[in-house]
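Single-structure report; data block below.
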Amino acid sequence: MRAVPTQLRLRLPEQKSLLKAALVGTYRANANAEGAGFLFRNGAWTRHMYPKSTYTQLNGINVVGDMVGSAITSDKRGVLSGPGFLLQCK
């Protein structure tokens, strides 16, 4: 079974931006795997995991490459929780 992204968002940047086109989302290698965020840009895939998380979801990207997402970092008594985050492009 192939990994299928659970969310896909395409952001087409303005003409003078740093990015040509970028795609962010979340994938799982199988039903029992941890979820990881991904970035597809310039023909290359990059995996992103929030530190100490079991699940990372990338929700969007802007024209300079800043990405937003959320992560699951704890499971307390069956309640999953974690932070939202901004990964800034430098």
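Some points to look at:
- Out of Thr26, Thr6, Thr56, Thr46, sole residue that is among the polar types (S, T, N, Q), under 20 Å from Ile72 (Cα atoms) and at pLDDT below 75: Thr6
- Candidates are the residues of segment 59-90 that are of a type in the set (A, V, I, L, M, F, W, C) and over 30 Å from Ala21 (Cβ atoms); the one that is modelled with the lowest pLDDT is Val79.
- Here Asp75 fulfils each of the conditions (1) in a strand (DSSP E or B); (2) touching a residue at least 60 places away in the same chain (Cβ under 8 Å) apart from (2).
To keep it simple, each residue is scored yes or no on (1) out of contact with any helix residue (DSSP H, G or I) (no Cβ under 6 Å at 6 or more places or on another chain); (2) under 11 Å from Val24 (Cβ atoms); (3) in a loop (DSSP other than H, G, I, E, B); (4) among the β-branched types (Val, Ile, Thr).
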{"site": "Tyr50", "(1), (2), (3), (4)": "yes, no, yes, no"}
{"site": "Ser53", "(1), (2), (3), (4)": "yes, no, yes, no"}
{"site": "Gln57", "(1), (2), (3), (4)": "yes, yes, no, no"}
{"site": "Gly60", "(1), (2), (3), (4)": "yes, yes, no, no"}
{"site": "Val64", "(1), (2), (3), (4)": "yes, no, yes, yes"}
{"site": "Gly69", "(1), (2), (3), (4)": "yes, yes, no, no"}
{"site": "Leu80", "(1), (2), (3), (4)": "yes, no, no, no"}
{"site": "Phe85", "(1), (2), (3), (4)": "yes, no, no, no"}
{"site": "Cys89", "(1), (2), (3), (4)": "yes, no, yes, no"}
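- Each residue in segment 46-64 was checked for being crowded, with 18+ Cβ neighbours inside 10 Å and either hydrophobic (A, V, I, L, M, F, W, C) or on the phi > 0 side of the Ramachandran plot (or both), and 2 pass.
The values are calculated or read from the model by the stated rules, or taken from the named source; none is laboratory data. Quick caveat, the model's predicted, so the values are computed rather than measured. Neighbour counts run over all protein chains shown; Cβ positions are idealised from the backbone, glycine included.
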